[in-house]
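See structure below.
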Amino acid sequence: MTAVPDAHVLTLICDSCGDTVTDAASPLTDAEVVWPLLAEQAWTGSPLAAGPHHCPHCSRQPRSAGGHHARCAGHGPGGIAGIDHRAGVTLVAATGDIDLDSGDTLRAALRHAADMGGDVVVDLAEVHVIDSTGLSLLVRAHRDARARGAELCLAAPPPFVRTVLHTMRLEAVFPIFDGADEAVAALTRDRAGRPVSAARR
């Protein structure tokens, strides 16, 4: 447990060095959601109480040869496994931990997808953890896509990522598909007039 709610106080514990930060827990609608405190204090990690969470100092530590922060048990660096273009849809395959460290990589990939001008699918099948940085980038890219008359869909989010999306009430924001191929096919069909929001989630 890396976030400890106690009465009206939430304590966030760094998994690397043990440093702590506290804040009033009353604004939270779910005792396990620590996203507001993470964002305010510039910490990285999961928006859920189970962690992992890292203070700003440990987040900047160099990663070991295995891809982890020093003294951390994270899943490794996040990034982009590839960008593909299929039938007017840009497919962005993310991987690893989508957090403050990998945010610039995802931001660049989403910007490229937007520059292509069509619909976007973000494949999350190989993502282990997503924090407030990653969620913010996806929400912003989704809004930008809608503003230019396109759609941004998520594909194959693993159970943990689905839990984060559900807890943060973002399941209703994104069309979510079981796989990237299914999402691309749905977007292609949608050009004939069926709204993506009607697609199976």
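For segment 115-176, what % of the accessible area comes from carbon and sulfur atoms, probe 1.4 Å?
About 51 percent, which is the carbon plus sulfur part of the accessible surface.
Normalised by the residues of segment 130-184, what does the relative contact order come to in percent, with Cα pairs under 8 Å and at least six apart?
About 35 percent, as a whole number.
The values are calculated or read from the model by the stated rules, or taken from the named source; none is laboratory data. Just so it is clear, the structure is predicted and the values come from calculations on it, not from any experiment. All accessible areas refer to the heavy atoms of the entire protein, side chains included, with ligands and DNA or RNA removed. Shrake-Rupley method; radii C 1.70, N 1.55, O 1.52, S 1.80 Å.
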